[in-house]
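Q: Here it is, the structure in full.
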Amino acid sequence: MKFIFLTLLVIIGIRDSRSEQYEVVGPADPVFAVVGEDVILPCSVKPNISVVDMRVEWFRSDLKDSVVHLYEDNEDRNTNQSQSYRGRTKLIHQELQRGNASLKLASVQVSDEGIYKCLIQSKSWSVDATVMVRVEAVAGSPPVITVDGFDDSGGLRLQCESEGWYPEPVLEWLNSEGVSLSSETTDTHRNTDGFSVKHTITIHHSDKIHCRVKLRHHMLDTQIITSSNMFNFWRTSVILISVAVVLSVNAGILITVFVKKNRGKFLFSCYFI
């Protein structure tokens, strides 16, 4: 019995020592990918040995439906591959001979962001590495500025909106001198295409106003010139509306007085008829 126990310890020790000889290496820093483009997720065995006859599995440790790519028995076996990765993953088989099990992921999507595991398994050992993928969407739409009328004080309300960004971008208003202006309201939504952002601001004088959206080293800018004619139009509209209100009130008063004065005549005429 002791002999069997010692034999098992020796076998386990041998397997552990073999597994400690090899290391599966991934990138030290997150891999940044751009929506719509291809990206390589690095993974390799150190020291370099062929993994052609081994099992190579890529999976997501942060998802339930986690199989990203499976290579086994010298071929790709993606029957149980997650639906969102179908037709978008590839191992370079020639590189497997050099211990390189890096995965090519095509047409990156926002949903591809997450934690990936690269598992390499031989008959005697199994080691994995973690790859963090960060996705950014450069293809966000240029900011669009719309005029949303005037407030009670005569200020011109401006609204700026942009969509299709990932992660969430920074939207800011700037005047003609490059001074940042505080947004009065902010609205942010996230969907499958990324983030959409919408900010509003009120301007009380003519100026060149910029709406700028930034994400890391990407930036899109739109500008609008608020002319004095816009504010003159508001003042003119207020005056005309005020005159119209006064005239309507006066007309109402005159009609009321006229009806009261002639009520008796109307009643007499009706009675006589």
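Q: Going by the conditions given, is LEU171 touching a residue at least 12 places away in the same chain (Cβ under 8 Å), among the aliphatic types (A, V, I, L, M) and farther than 29 Å from VAL108 by Cα?
A: no
Q: Identify, from the list ILE115, ILE203, ILE145, the residue that is within 30 Å of VAL52 (Cβ to Cβ) and of a type in the set (Val, Ile, Thr).
A: On the way: ILE203 fails: within 30 Å of VAL52 (Cβ to Cβ); ILE145 fails: within 30 Å of VAL52 (Cβ to Cβ).
It is ILE115.
Q: How many residues does segment 55-77 hold that are out of contact with any strand residue (DSSP E or B) (no Cβ under 6 Å at 6 or more places or on another chain) and either of a type in the set (Val, Ile, Thr) or not in a strand (DSSP E or B) (or both)?
A: Looking only at segment 55-77, we keep the residues that are out of contact with any strand residue (DSSP E or B) (no Cβ under 6 Å at 6 or more places or on another chain), and these are 63-65, 73-76.
Adding the requirement that they be either of a type in the set (Val, Ile, Thr) or not in a strand (DSSP E or B) (or both) leaves 63-65, 73-74.
Total satisfying the criteria: 5.
Q: Just name the residue that is modelled with the highest pLDDT out of those in segment 41-63 that are surrounded by fewer than 19 Cβ atoms within 10 Å (Cβ to Cβ) and small (Gly, Ala, Ser).
A: SER50
Q: I'm checking my understanding of the structure. Among residues of segment 121-141 that are under 18 Å from the mean Cα position of the chain (by Cα) and at pLDDT 90 or above, which one is nearest to GLN21 (Cα to Cα)?
A: Within segment 121-141, the first condition is being under 18 Å from the mean Cα position of the chain (by Cα), and the residues that meet it are 132-141.
Next, from what is left, pick out any that are at pLDDT 90 or above: 132-135, 141.
On the way: MET132: 25, VAL133: 28, ARG134: 31, VAL135: 34, SER141: 50 Å.
The residue in question is MET132.
Q: Only one of (1) under 15 Å from the mean Cα position of the chain (by Cα); (2) in the same structural domain as ASN48 (by TED's automatic domain parsing) fails for TYR166. Which number is that?
A: (2)
Q: Please note which strands (runs of 3 or more DSSP E) are completely contained in segment 114-155 and include at least 3 residues that are of a type outside the set (Gly, Ala, Ser), buried (at least 16 other Cβ atoms within 10 Å of the Cβ) and on the phi < 0 side of the Ramachandran plot. Spell out how you get there, then give the answer.
A: On the way: elements: 114-121, 126-136, 144-150.
Filter on segment 114-155 gives 114-121, 126-136.
The values are calculated or read from the model by the stated rules, or taken from the named source; none is laboratory data. These numbers were taken from a predicted model, which means no experiment stands behind them. Cβ: placed from backbone, ideal geometry, glycine included. Neighbour counts: every protein chain shown.
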